[in-house]
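*Asks:* Once you've had a glance at the structure underneath, I'll fire off some questions.
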Amino acid sequence: MITTTTAACLVLLILPVVLLLHLTESPQQRQTRQATRLSRHYGLSQRQIAQQLGISQSTVSRRLAVA
């Protein structure tokens, strides 16, 4: 069983790592992560993802091919 104190400690330990990863992420990596999430989690088409992210469909296609 995880107590509130244990959960708070875990958050304090993990948060700096997540923040560091986010700050060091390149714009291309961010687009890839966002496009993948929109495609797999929300089922959006490449056209819809392009509109949502403000990028071209061909860029979306390349980002999803990398993921």
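*Asks:* Anything in region 15-30 that is assigned to a helix (DSSP H, G or I) and either open to solvent by less than 90 Å² (accessible area, probe 1.4 Å) or under 26 Å from Ile49 (Cβ atoms) (or both)? List them, or say none.
*Replies:* Here is the first cut: in region 15-30, the residues assigned to a helix (DSSP H, G or I) are 15-23, 27-30.
Scanning region 15-30 gives Pro16, Val17, Val18, Leu19, Leu21, His22, Leu23, Pro27, Gln28, Gln29, Arg30.
*Asks:* Looking only at region 31-44, which residues are open to solvent by less than 90 Å² (accessible area, probe 1.4 Å) and either part of a helix (DSSP H, G or I) or of a type in the set (Phe, Trp, Tyr) (or both)? Lay out the reasoning, then the answer.
*Replies:* Step one: filter region 31-44 for residues open to solvent by less than 90 Å² (accessible area, probe 1.4 Å), giving 31-32, 34-36, 38-39, 43-44.
Correct list: Gln31, Thr32, Gln34, Ala35, Thr36, Leu38, Ser39.
*Asks:* Moving on. Please go through region 34-54 and give me each residue that is under 11 Å from the mean Cα position of the chain (by Cα) and touching a residue at least 12 places away in the same chain (Cβ under 8 Å), ordered by number.
*Replies:* Scanning region 34-54 gives Gln34, Ala35, Thr36, Leu38.
The values are calculated or read from the model by the stated rules, or taken from the named source; none is laboratory data. Please read these numbers as outputs of a predicted model, since none were measured by experiment. Cβ atoms come from the backbone with ideal geometry, glycine included; neighbour counts cover every protein chain shown. For the accessible areas, the whole protein counts, side chains as well, though only heavy atoms, and no ligand, DNA or RNA atoms are used. Shrake-Rupley method; radii C 1.70, N 1.55, O 1.52, S 1.80 Å.
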